[in-house]
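Student: Before anything else, here's the structure in question.
The numbers here are math on the coordinates, done by the rules we state, and not lab data. Quick caveat, the model's predicted, so the values are computed rather than measured. Backbone-built Cβ (ideal geometry, glycine too); neighbour counts: all protein chains shown.
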Amino acid sequence: MMTIKEVFFGSDRLTAKQENVRELVMYPFAGMFTALANFLSFVIMDWILVNPHTVDLMGYAFDLTLVTKQFVSWVATILTAYATNRIFVFRSHGNFFIELLGFAAARLSTFVVIELGLFSIMVYWVEHHLGIDQDHVFITLITFNVTCLYVIKIVNNVVLITVNYIMSRWIVFKARDKKPKDKKEEPDVGQQDT
């Protein structure tokens, strides 16, 4: 049985199976915290950058203001994600700079493919195929309007968290320091098995 401290910070007494369970508990926790940082920074940028700036690229209209909001949100999130993954989830003691570069490269690829690509496709699909404007308000919570754009952002974050876990676990923090396996003690030369 793990203590709460061991769940958050790990322990050398944990077995490999317990450590895997701990990671699976901590990654969604860290992911939710990171997604919250992503969402809040996006909402703040949405309040600051209110005028769209559309550019035609290969016959498709892209909102550069929306891309800017995504980029600033991504930069704020990358710092949170690296710290929580390195310290709490994977308890890595690997080379800081190599892991940081690997983490940044992995996150840059998911930024391009998911944050920009998939997000833009979802916005385009909802607006052009479902006929729902991205500013359409689904519900108002107290004074906060939950728009179609925010719902798309939440769905996008679910996909993003899943892909980022796979990349972090199997690529970035793969070479982390593992606990040494128990060595079998060699019997002394003078002792004989009886």
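Student: Using 7 Å Cα-to-Cβ label points, what is the residue 163/residue 83 separation (nm, one decimal)?
Tutor: With each label placed 7 Å out from Cα toward Cβ, I get 2.6 nm.
Student: While we're here: Extension gain residue 105-residue 51, at 0.36 nm per residue separation less the Cα-Cα distance, in nm?
Tutor: That pair, residue 105 and residue 51, stretches by 16.3 nm at full extension.
Student: Related question: Quote to one decimal, in nm, the extra length available between residue 16 and residue 68 on full extension: 0.36 nm per residue of separation minus the C-alpha distance between them.
Tutor: Between residue 16 and residue 68, full extension yields 14.5 nm more.
Student: A further question on this structure: As a check on your grasp of the helix formula, calculate [θ] at 222 nm for the chain: sum -39500 (n - 2.57) over DSSP H runs of n ≥ 4, divide by the residue count, round to the nearest 500.
Tutor: That calculation yields -18000 deg cm²/dmol at 222 nm.
Student: Which of the peptides 136-147, 154-165 is most tightly packed, and how do the rest follow, judged by the mean count of other Cβ atoms within 10 Å per residue?
Tutor: Going from most to least packed, we get 154-165, 136-147.
Student: Report the Cα-based extents of the stretch 14-172 along its three principal axes, largest first, to the nearest Å.
Tutor: 53, 38, 28
Student: Compute the helix-to-body angle for 148-167: its Cα long axis versus the longest principal axis of the chain, expressed 0 to 90° and rounded to tens.
Tutor: It works out to around 20 degrees.
Student: Could I have the simple spin-label model distance between residue 98 and residue 43, label points 7 Å from Cα toward Cβ, reported in nm to one decimal?
Tutor: For the pair residue 98/residue 43, the computed spacing is 4.1 nm.
Student: Could I ask something else about it? Net charge around residue 154, counting only other residues with Cβ within less than 14 Å of its Cβ (Lys, Arg = +1; Asp, Glu = -1)?
Tutor: -1
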